[in-house]
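> Below: one structure in C-alpha cells.
The values are calculated or read from the model by the stated rules, or taken from the named source; none is laboratory data. Values in this document were obtained by computation on a predicted structure and should not be read as measured data. Neighbour counts are summed over all protein chains in view; Cβ atoms, including those assigned to glycine, are modelled from backbone coordinates with ideal geometry. Side chains are part of the model used for accessible areas, which takes the heavy atoms of the whole protein and leaves out ligands, DNA and RNA. Shrake-Rupley method; radii C 1.70, N 1.55, O 1.52, S 1.80 Å.
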Amino acid sequence: MHLVDSNEKTVLVTGGGGYIGSHTCKALAESGYTPISYDNLSTGHAELVKWGPLEVGDVGDAKRVKEVLEKYRPSACIHFAGYIQVGESVLNPGRYYQNNVSGTLVLLEALLESGVMGFIFSSSAAVYGTPQTSPIPDDHLLTPINPYGESKRIVEGILGDFGTAHGMRSVSLRYFNAAGADPDGESGELHDPETHLIPLVLQAAIGKRSDITVFGDDYGTPDGTCLRDYIHVTDLARAHVLALEMIGYGVTARAFNLGNGKGFSVMEVIREAERITGKRIPVVLGGRRRGDPPVLVADSSRARVELGWAPRYPGLDEIIGTAWRFYSARETVEK
C-alpha cells in the first residue's frame with residue numbers, strides 16, 4: 001500500500017520519548033507540526049512525550065510501524081531510536097548492528113512502502129573516529145573506531161543508496177556533545193545508566209555520586225584535560241526542524257555537523273558547574289581512556305550556510321544552567 005494523502009504537518013519521531021527526541025518534538029510543535037512519538041520506552045520516558053501522541057513500538061517491528069504510518073499518514077520521519085553507549089557497543093557489537101542498522105533498515109523499508117520519502121537521521125560525530133584535523137569539517141574522512149560510530153556511518157551510506165535508488169530525501173545530523181535541558185524545564189536528560197559528563201557532574205553536585213572521575217590530565221590542552229564541543233539540546237532540536245524544511249525542497253543525502261565550534265575542557269565543565277550550583281564537586285583523577293582524542297570540536301559552517309542554523313545557547317553557563325534547573329527541580333519533586 002502506498003500513502004498518497006499524507007499530512008504535510010505530521011511527522012513520525014522515533015525515539016520521541018528520549019532526550020533529544022523529546023526536545024525536538026517541542027520544537028516541531030512550536031513550528032506548527034504534529035509530532036507522533038514512536039518509542040518502545042526501553043530507554044525513553046512516556047513522561048517526556050508532551051507535544052503529540054505516543055505510539056509504543058519498536059522500529060524493527062515492520063507490522064507495527066506500518067500500522068502507525070497508516071493511522072497518522074506522516075509526511076516525514078525523524079529517526080532518533082537507537083542505542084548510544086560507545087563502551088557497550090565495543091563489548092556487544094551485535095546488539096548495536098541489530099538495532100541501529102537492521103532496525104533502521106526495517107523502518108526505511110516500511111516508510112518507502114508507505115510512500116514516506118523524507119527522513120532526518122540522528123547521526124553522530126563518532127563517524128569521524130580520531131580526527132586528523134580540528135575543527136572537524138563535514139567532509140572529513142569517516143573512520144569510526146567503535147561499533148556505535150560504525151553503525152551510524154553504515155546508515156548514512158544506506159540513506160545515500162535509498163536516495164539514488166528510490167528518491168528518498170534525507171539529511172543526517174552529526175551531533176557533537178548534546179547537553180543542557182529545555183529552558184522552560186519541560187524536558188531534560190534522563191539516561192539510565194548515565195554516561196555523559198555534565199549530568200554526571202550534576203549528580204555529584206546533588207550528592208547522588210560521591211565524586212567525578214577525570215580520565216587523564218596530561219593531554220596537550222590548556223589544562224591537560226580533554227576538550228569537547230558541547231551543543232545545547234534546544235539548538236539541536238531546532239536544527240531538525242530546519243532539516244525537515246530543507247528536504248521539502250528536494251535536498252537529499254546531506255550531512256551536517258552540529259556543534260558550537262569551540263571546546264570546553266573537562267575541568268572547565270566541573271568548575272563552571274561548581275560556580276552555578278554553589279557546591280563543591282569532588283574530583284578523582286583516572287588514567288586516560290583508550291580511544292579518547294584530546295580535542296573534538298566541530299566545524300559547523302555548512303549547517304550555518306545551508307540550513308541557516310546557528311546556536312542560540314552557546315555559553316557553558318547556559319548549557320549547565322538549564323541542566324541544573326531541570327535536575328534540581330526533579331530532585332525537589334522526588335524528595
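> Specify which residue in the list Ile154, His191, Ala29 is farthest towards the positive end of the charge dipole of the chain, using unit charges on the beta carbon of Lys, Arg (+1) and Asp, Glu (-1), about the Cα centre.
His191
> If Arg290, Arg275 are ordered by their accessible area, calculated over protein heavy atoms with a 1.4 Å probe, which sequence runs from highest to lowest?
Order by accessible area, largest first: Arg290, Arg275.
> OK, next. Within the set of other residues whose C-beta is less than 11 Å from the C-beta of Ser124, count the net charge using Lys and Arg as +1 and Asp and Glu as -1.
With Lys, Arg at +1 and Asp, Glu at -1, the neighbours total +1.
> Same structure, new question: Just want the answer: with Cβ charges of +1 for Lys and Arg and -1 for Asp and Glu, which residue in Leu307, Ala253, Val283 is farthest toward the dipole's positive end in region 246-323?
Val283
> Sticking with this structure for a sec: Give the value in nm², to one decimal: projected area of the alpha carbon convex hull of the chain, averaged over all directions.
Mean orientational projected area (the chain, Cα hull): 16.0 nm².
> Give the accessible area for Thr43 in Å² (nearest 10); use a 1.4 Å probe, count only protein heavy atoms, and leave out ligands, DNA and RNA.
90
> Quick check on my link table: of Lys9/Lys262; Lys50/Lys279; Lys9/Lys66; Lys26/Lys71; Lys152/Lys208, which ones sit more than 24 Å apart, alpha carbon to alpha carbon?
Check vs 24 Å cut-off fails for Lys9/Lys262; Lys50/Lys279; Lys152/Lys208.
> Okay, next question. Taking 0.36 nm per residue of sequence separation and subtracting the Cα-Cα distance, how much length would be gained by fully extending the chain between Val90 and Thr195, in nm to one decimal?
Going from the current span to full extension adds 36.3 nm.
> Here's another thing I want to ask about it. How large is the dipole of the chain about the Cα centre if only Lys and Arg carry +1 and Asp and Glu carry -1, each at its Cβ, rounded to the nearest 20 debye?
200
> Carbon and sulfur together cover what percent of the accessible area of the chain at a 1.4 Å probe radius?
50
> Leaving ligands and nucleic acids out of the surface, order Leu28, Leu141 by accessible area at 1.4 Å, largest first.
Largest accessible area first, the residues go Leu141, Leu28.
> Let me ask something else about it. In the P(r) worked out for region 223-285, what percent of Cα pairs fall beyond 13 Å?
Beyond 13 Å sits 73 percent of the P(r) for region 223-285.
> What distance in nm lies between label points placed 7 Å from Cα along the C-beta direction at Asp218 and Glu67?
Here the answer is 5.7 nm between the modelled labels.
> Something else about it: Only four residue types carry charge here, +1 at the Cβ of Lys and Arg and -1 at the Cβ of Asp and Glu. Report the dipole size of region 153-222 about the Cα centre in Debye, rounded to the nearest 20.
Computed charge dipole of region 153-222: roughly 260 debye.
> Let me ask you something else. Working only with C-alpha atoms, what are the Rg and Dmax values of region 119-226, expressed in angstrom?
Looking at region 119-226, its Cα Rg and Dmax stand at 17.6, 54 Å.
> Tell me, what is the per residue accessible area of the chain in Å², probe radius 1.4 Å?
42
> To the nearest 10 degrees, how steep is helix 19-30 against the longest Cα principal axis of the chain, on a 0 to 90 scale?
The two axes meet at around 60 degrees.
> Moving on. For Asp223, Asp235, give me the order by solvent-accessible area with a 1.4 Å probe, most accessible first, ignoring ligands, DNA and RNA.
Highest to lowest solvent-accessible surface, that is Asp223, Asp235.
> Percent of Cα-Cα pairs per 10 Å bin, from 0 to the last occupied bin, for region 1-110, please list those.
16, 46, 31, 7, 0
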